[in-house]
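Read the figures in this text as sums done on the coordinates, not as results from a lab. What you are looking at is a predicted structure, and each value in this text was computed from that prediction instead of being measured. Note that we place each Cβ from the backbone using ideal geometry, even for glycine, and neighbour counts take in every protein chain shown.
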Amino acid sequence: MYGRVSDLSRIVANVPLMIGMLGLLLIVLLALAGERLAPHDPFVQRLVVFYEGGRFTTPPAPPSERFPLGTDILGRDLFSRVLAGARLTLTLALVALLIRTVLGVGLGLLAGWRGGLTDRAATAAASVLAGVPQFALALILALALAPYGVVGFAIAVAAVGWPELMQSVRREVLHLRRAPWVEAAVGLGAQSGHVVSQHVVPVLAPQLVVLLTLQAGAVLLLLAELGFVGMFIAGGVAYYGGEPVRDHTPEWGQMLAGARAYRLEDQWVVAVPALVLVGVIAVLNLFGQGLRAASSPHSPLRLGPTTMHLLSRALLASILIGAAAGAFVAFRSIEIDFAEGLERAHAAAEKVEPGYRLVAGVVRLDAADLVRPAKLNYYFRSPNRRLLRVGFAGADANAAETRPFHDEDGIHDLQLMPLGEWSVEWEAALAHAETLGGSEFREGYPATLTRVWLMQAHGWSHPVYLIEYSAASVEGRRFLRIPVNALDVTAPIEFSLVPTETLIGRARIAAFPRLERGVITAIRARYVSEPGLRNELWGEDGPAGVLFSPPTPAEVTMRFGDGVQSVDVHFDLRAGFFLVPSGLDPLVLPELSESIPVEPSVQLPTVDLAQAFLRLEEAGGREMREQWKAQGHGEWVADMVILVEEARLVAQITYAAGPLERQLRLELDSD
Amino acid sequence: MQQGGASEPCAGSPTTVTREVGVDLRRPGLHWRHLGFALLESVATLAAVAVVVTALITWTLAHVDAGRLPFASVVGPWPPFEDLSLLEAVAVGVSRSAILVVPALIVSLAIGLLSAITYVATSSPWLRTLLWSLASIGASLPPFFWAFLMYLTLLFVATRTGVWVLPSFGLYIQGHPLLPIIALTLRPAAAIFLAVTAVLEEVQHGEFIRAARARGLSEQRLVAVHALPNSAATALSAVNSGLFAIVSALPIIEYIFWWDGAGFGFIHALAIGDVDAAAAFAVLFAVVLALSNFASAVMAQYIDPRMRR
């Protein structure tokens with residue numbers, strides 16, 4: 001006989017089962033609380049990763065006290081991403097497992113019990129699917145179902161594993177059909193459904209739990225393999241045609257993506273998610289092996305029938321309930337509307353830094369669909385005038401991206417003020433714009449992209465929807481922009497012309513991240529003179545007299561060496577840059593340039609570009625320019641680059657005036 | 001009863017016993033009808049796989065821009081199969097993959113069987129625990145893990161020392177295939193060990209073993225003469241499953257190590273939008289698996305007379 005005490009001791013002695021159970025507890029904890037335990041925001045990207053004492057590196061950053069597992073190539077904390085990715089990864093695995101279970105167990109029961117044509121049809125379908133390697137078939141299916149997002153991906157992962165499950169269940173049911181208690185129930189006139197549910201499934205339960213546990217491991221393995229070749233659920237860093245595509249919610253499979261495109265020295269970045277995935281797969285497989293030993297009649301670790309049935313039923317119920325709950329949560333939260341997105345964006349902005357205020361919301365719509373947004377973007381500005389964009393690709397809550405200093409829609413936030421109250425929904429504003437020429441424009445240009453901006457510029461007394469239709473045509477790019485009052489679509493827009501509070505040149509920060517690690521090789525300031533006003537906000541079709549864009553007298557660029565991939569990454573909070581008033585001669589720069597410190601605890605390595613420029617001027621630049629002027633070349637352009645060469649800061653400037661060009665170099669003292 | 005005679009079975013022969021007792025003890029021949037059906041079934045399944053997979057790949061590649069697939073830029077152009085006809089490309093893929101598959105299968109069978117025999121024959125509990133634990137870990141971790149682990153280890157060594165210990169990856173380097181073979185071997189070896197050990201343990205409790213033991217047979221002879229032949233069918237089934245696991249893991253393992261076999265060819269064909277090549281490689285996997293299943297069915301009948309009834 002098997003007593004409870006002896007069963008308990010057998011469970012304790014069953015090492016794989018014990019490891020599996022403890023591991024499963026940890027996994028459940030990760031899935032439930034992973035995101036809350038993350039020490040950093042898993043979405044925040046860093047152009048430069050700074051450490052205490054002013055040390056810094058370009059991502060990927062190796063493990064350190066600040067980032068225990070290092071950062072990925074976008075500077076996002078890997079530890080936080082692993083924790084935050086647990087929920088989506090495990091939910092996806094559970095959903096795929098649920099679909100596999102329904103198909104495999106359902107068809108297995110049906111084929112085994114009914115036999116005949118049903119059996120042959122189910123077995124043939126299973127044989128065809130099992131005839132191709134799972135990974136290969138899942139890869140094709142994932143590509144085919146890619147447009148259907150998370151649902152398509154879950155179907156691709158689920159569609160390939162069920163034949164094994166079905167064949168195992170079918171085999172067992174064929175065997176159990178001849179069991180005396182089953183024959184007795186049939187003989188007594190019980191319905192097939194009753195016999196299967198009451199006399200077959202309970203006997204199958206222990207084996208089902210083992211099979212499902214192993215299947216869960218197989219699903220995760222498939223996620224890892226697909227992720228490694230760049231197929232994943234929620235975006236990430238993948239390379240499409242050589243161009244990096246980056247974003248979105250962390251997911252373990254996705255974190256393996258693009259590994260092949262990394263430099264050899266950076267391959268360890270994918271080791272973190274790979275080890276986590278393999279650890280979870282191993283836990284599941286060990287748990288399955290332990291359960292198999294506990295249910296095997298010849299095993300010394302076998303448990304008594306009562307304990308085994310209790311255990312298997314509890315586990316089966318947990319798997320099914322967890323999968324159903326996960327599916328409900330995952331699929332329910334796929335699509336969000338503008339208001340839900342705003343709520344989530346506010347929460348994301350608060351996590352980056354309290355005090356951010358909404359300055360604009362943008363709904364992007366594809367040509368084919370004016371109902372479902374292709375993307376939702378929310379723009380926030382901090383009290384220190386830092387811009388933050390929180391976006392949701394496909395209006396998908398799982399595809400969030402948080403990027404400081406990133407203006408994807410050309411909103412020119414410095415001309416905007418925090419949004420006041422609005423009462424009109426974007427759909428109503430769009431509908432109104434359609435009647436004011438929008439639909440005609442779209443008929444003329446079928447490939448029209450539509451954007452709905454919600455914003456409030458300086459001088460406006462209320463928020464305004466600006467609906468922009470844009471299309472490429474043989475005559476060039478065509479735009480139509482229609483402003484709509486966000487309080488009442490039929491009311492006129494009220495505004496008064498006031499000067500913008502500060503005319504500030506836009507500082508552009510560009511970086512080339514896949515370069516020599518840990519060395520800022522250049523900070524470039526380009527001095528150009530571009531007088532005149534540009535009406536970037538309204539375009540040529542805008543109301544007369546509404547001019548908000550300042551001229552662009554200076555452009556400051558931070559470069560990180562000679563990049564292979566030129567990717568703009570306007571994001572790092574600690575990347576100091578210079579605000580340059582407009583319309584001023586470069587020589588006046590010293591009094592007006594400033595850098596923006598972000599974290600008081602971090603010593604920002606700054607270079608005063610203006611001082612550097614002046615010193616170069618004094619070192620011969622000015623004299624040379626005067627000579628050129630005497631020769632008839634009075635207009636000039638100077639590109640200055642601050643280089644880090646062997647731990648020394650070097651300023652290098654290239655003057656150009658017409659056909660003349662000359663370079664000067666000067667060693668600087670770093671500050 | 002008339003004795004002897006060329007046409008008469010001798011006394012005690014299965015035929016005589018059959019006639020006298022009514023129990024058929026003759027070793028039946030191969031069940032050709034059954035095998036014929038199995039062959040037909042395999043061919044029909046293959047045809048269905050070919051139709052389904054080709055249709056799926058054709059539809060998929062018609063709806064996606066192959067040049068923008070996530071792995072397109074990683075796998076690059078098509079040098080190993082460049083300027084080859086489809087048949088030649090498949091032949092090259094098969095020959096390159098065979099370099100991995102055949103040794104992996106043989107080594108996994110050898111390791112699995114030898115360790116199972118050692119497990120049953122040894123009296124050392126430590127050795128048994130060690131073997132069982134290693135097999136449990138081996139069976140729990142997929143080839144992808146081993147491949148990735150070895151890949152990272154090699155990279156670590158290479159970036160620290162500048163030496164490529166085993167230049168087995170790099171598509172343009174015909175390096176040696178040790179790492180992918182190891183990655184493909186470990187899990188099937190563990191699975192064969194666990195399957196054969198389970199049968200051997202079960203057979204050990206059989207009445208005929210107890211009888212043989214009571215008659216003084218040594219443990220080694222018991223295992224060799226009685227237990228092992230009884231586990232042959234299970235070992236065969238495990239080998240078939242092992243081959244299935246190896247072929248299934250082939251695309252990802254070849255992708256990790258950039259081994260220009262059929263698995264890499266399949267991913268490569270998808271990446272460049274070559275429907276014919278992608279379908280050909282996918283069907284090739286199905287052919288190998290179907291052949292393996294059929295060969296397994298024939299050998300199972302050959303090894304185990306019980307299967308012929």
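For A:Thr306 and B:Glu207, a Förster radius of 41 Å and the Cβ-Cβ distance give a FRET efficiency of 0.85, rounded to the nearest 0.05. According to the Cα-based calculation, Rg over Rh for the range B:116-162 is 1.24, with Rh computed by the Kirkwood formula. A full extension of the chain between A:Gln631 and A:Glu408 corresponds to an added length of 75.9 nm, given 0.36 nm per residue minus the alpha carbon distance.
State whether the range A:71-123 is rounded, prolate or oblate according to the following rule on the C-alpha gyration tensor (a ≥ b ≥ c being the square roots of its eigenvalues): a/c under 1.5 gives rounded; otherwise a/b larger than b/c gives prolate, and the remaining case gives oblate. Cα axes put the range A:71-123 in the prolate bin. The loop-placed trypsin sites (Lys or Arg not before Pro) in the range B:186-289, going by DSSP, that have at most 14 neighbouring Cβ atoms within 10 Å of their Cβ come out as B:Arg215. Using R0 = 41 Å, the C-beta based FRET efficiency linking A:Leu29 and B:Arg128 works out to 0.75. With a Förster radius of 56 Å applied to the C-beta separation of B:Ala214 and B:Ser95, the computed FRET efficiency comes to 0.55. Panel order for A:Ile155, B:Ile267, by other beta carbons found within 10 Å of each beta carbon, from fewest to most: A:Ile155, B:Ile267.
From least to most packed, judged by other beta carbons within 10 angstrom and beginning with the fewest, A:His175, A:His462 follow the order A:His175, A:His462. A straight chain from A:Val371 to A:Thr490 at 0.36 nm per residue would run longer than the Cα-Cα distance by 40.7 nm.
Residues B:Leu105, B:Leu284, ranked from the fewest to the most other C-beta atoms within 10 Å, line up as B:Leu284, B:Leu105. Compared with the alpha-carbon gap, the fully stretched path from A:Glu661 to A:Ala121 is longer by 186.5 nm at 0.36 nm per residue.
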